[in-house]
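Heads up, the thing below is written out as structure tokens.
The values are calculated or read from the model by the stated rules, or taken from the named source; none is laboratory data. Nothing here was measured: the structure is a model prediction, and the numbers come from that model. FYI the Cβ positions are ideal-geometry reconstructions off the backbone, even for glycines, and counts take in every protein chain you see.
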Amino acid sequence: MDFQELGTTGVQIPDIGFGTWKYTGGAEPIHRGVELGATLIDTAEGYNNEESVGKAIAGFRDQVFLATKVSPGHFRKNDILKAADQSLKRLKIDVIDLYQLHWPNDAIPIAETMGAMESLVDAGKIRFIGVSNFSVGQMQEAQEALTNARIASDQVRYSLIDRSIESALLSYCQAQGVTIIAYSPLATGLGKLGGKSGAQAIEQVTNNTEKSQAQVALNWCLRQPRVMVIPKANSASHVEDDCGASGWRLSSDDLAILDAAFPR
Ligand SMILES: NC(=O)c1ccc[n+]([C@@H]2O[C@H](COP(=O)([O-])OP(=O)(O)OC[C@H]3O[C@@H](n4cnc5c(N)ncnc54)[C@H](OP(=O)(O)O)[C@@H]3O)[C@@H](O)[C@H]2O)c1
């Protein structure tokens, strides 16, 4: 597993993390992922699974980088402070490694929300601040509202079939030293990876590389600096396959095949 810096934090995170939205795999796939280096585990108060994630990582908390999210309905100061305490309790941990605003909420002043996030850092309850589904403008406003801290990451949808971040957000984050945590990097399932031409392109590249379809799709995301991926997999065998997406690079010929079949 290759690692990369989270934002400008100095902390190393793996290329491949572990998504848990609609996760039903129990402890074993998570354990296997951690063994293989997929040590960033992503959950959210909105996923209603923090308790089971907490149980799965009990006993090896120190090997895991735990990312969770606060829901937009809790962006008032007191609500965030309470939500963080509740996530800590459900996860049975002392500190959240990355606390992310799940979606923007224009109804609540961003200064209040970011002030609360910074006070959680100061209180030692969270280590780093992240956002999710934020545009460039929303990222700028959120960063300006912080006094000392820097936004470490923006978690956004990115896959062969959704390249919309390539129009502006990706280059902004790369320039600012913000990590893109790519969600739904397998397009929520390999069957959704394009029509006939997409399927043909992926097959051609899997033949050229002797990698699996999932590995090709994930590695394609990783060709971009500052991007890591968080596929969700319910089985240890899928986790093993996904972890094999790190540590190699698609050739320029294979990238061109994929680019032609999955244009921006
Ligand atoms: N911030 C946000 O707003 C947001 C939104 C959506 C998702 N997310 C995060 O991103 C994570 C991943 O996204 P996602 O769950 O939407 O979709 P995804 O990771 O793109 O796709 C998951 C699907 O791919 C399958 N899969 C995984 N590895 C595979 C492999 N090696 N071979 C074949 N199939 C494989 C899974 O099957 P099995 O489960 O059967 O293994 C599952 O059906 C979520 O779990 C969540 O943590 C965040």
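When Pro225 is tested against (1) crowded, with 18+ Cβ neighbours inside 10 Å; (2) closer than 30 Å to Gln143 by Cβ, only condition (1) is not met. In the stretch 13-28, which residue that is of a type outside the set (A, V, I, L, M, F, W, C) and either more than 8 Å from the ligand (Cβ to nearest atom) or surrounded by 23 or more Cβ atoms within 10 Å (Cβ to Cβ) (or both) is modelled with the lowest pLDDT? Across the stretch 13-28, the extreme among qualifying residues is Gly26. Which of the residues belonging to the stretch 213-242 are of a type in the set (A, V, I, L, M, F, W, C), in a helix (DSSP H, G or I) and more than 9 Å from the ligand (Cβ to nearest atom)? Matches in the stretch 213-242: Val216, Trp220, Cys221, Leu222, Ala236.
Whenever a residue of the stretch 240-263 is of a type in the set (Ser, Thr, Tyr), its partners that are in a loop (DSSP other than H, G, I, E, B), lying with C-beta atoms within less than 8 angstrom and at least six residues away or across chains, give the pairs Ser246/Met1; Ser246/Asp2; Ser246/Asp15; Ser246/Gly37.
Any residue at all in the stretch 53-72 that is among the aromatic types (Phe, Trp, Tyr) and either more than 16 Å from the chain's Cα centre (by Cα) or modelled with pLDDT under 95 (or both)? Yes, there is a match, as at least one residue in the stretch 53-72 is among the aromatic types (Phe, Trp, Tyr) and either more than 16 Å from the chain's Cα centre (by Cα) or modelled with pLDDT under 95 (or both).
Does Lys232 fit the bill of being buried (at least 20 other Cβ atoms within 10 Å of the Cβ) and touching a strand residue (DSSP E or B) at 6+ places or on another chain (Cβ under 6 Å)? Against the criterion (buried (at least 20 other Cβ atoms within 10 Å of the Cβ) and touching a strand residue (DSSP E or B) at 6+ places or on another chain (Cβ under 6 Å)), Lys232 qualifies.
Of all residues in the stretch 68-88, those satisfying the criterion of being out of contact with any Asp or Glu (no Cβ under 8 Å at 6 or more places or on another chain) and within 19 Å of Asp42 (Cβ to Cβ) are Pro72, Ile80, Ala84. Of all residues in the stretch 70-81, those that are buried (at least 18 other Cβ atoms within 10 Å of the Cβ) have Cβ atoms under 6 Å from Cβ atoms of residues that are of a type in the set (Val, Ile, Thr) and assigned to a loop (DSSP other than H, G, I, E, B), 6 or more apart or on another chain, in Phe75/Ile108.
Taking the stretch 173-201 as the range and being out of contact with any Asp or Glu (no Cβ under 9 Å at 6 or more places or on another chain), more than 25 Å from Ala256 (Cβ to Cβ) and of a type in the set (Ser, Thr, Tyr) as the test, only Thr188 passes.
Annotation: Phe262 fulfils all but one of (1) near the ligand (Cβ under 9 Å from one of its atoms); (2) at pLDDT 95 or above; (3) touching a helix residue (DSSP H, G or I) at 6+ places or on another chain (Cβ under 8 Å); the unmet one is (1).
Quick one: is Ser212 of a type in the set (S, T, N, Q) and either surrounded by fewer than 13 Cβ atoms within 10 Å (Cβ to Cβ) or touching a residue at least 40 places away in the same chain (Cβ under 8 Å) (or both)? Break it down into steps so the answer makes sense when it comes.
Details: of a type in the set (S, T, N, Q): yes; either surrounded by fewer than 13 Cβ atoms within 10 Å (Cβ to Cβ) or touching a residue at least 40 places away in the same chain (Cβ under 8 Å) (or both): no.
Answer is no for this residue.
For the structure I just gave you, tell me whether Ala83 is closer than 16 Å to Asn234 by Cβ, touching a helix residue (DSSP H, G or I) at 6+ places or on another chain (Cβ under 7 Å), more than 14 Å from the ligand (Cβ to nearest atom) and among the hydrophobic types (A, V, I, L, M, F, W, C).
no
Yes/no per residue for (1) free of Cβ contacts under 8 Å to residues at least 24 places away in the same chain; (2) not charged (D, E, K, R):
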{"site": "Ile126", "(1), (2)": "no, yes"}
{"site": "Asn133", "(1), (2)": "no, yes"}
{"site": "Gln140", "(1), (2)": "yes, yes"}
{"site": "Asp162", "(1), (2)": "no, no"}
{"site": "Ala168", "(1), (2)": "no, yes"}
{"site": "Ala175", "(1), (2)": "yes, yes"}
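Checking the structure you have, find out if any residue of the stretch 46-61 is touching a helix residue (DSSP H, G or I) at 6+ places or on another chain (Cβ under 7 Å) and farther than 17 Å from Ile30 by Cβ. No, that holds for no residue. Within the stretch 243-253, being buried (at least 18 other Cβ atoms within 10 Å of the Cβ) and away from the ligand (no atom under 12 Å from the Cβ) holds for Ser246, Leu250.
Among the residues of the stretch 31-44 satisfying the criterion of being within 12 Å of the ligand (Cβ to nearest atom) and of a type in the set (Val, Ile, Thr), which is surrounded by the fewest Cβ atoms within 10 Å (Cβ to Cβ)? This residue is Ile41.
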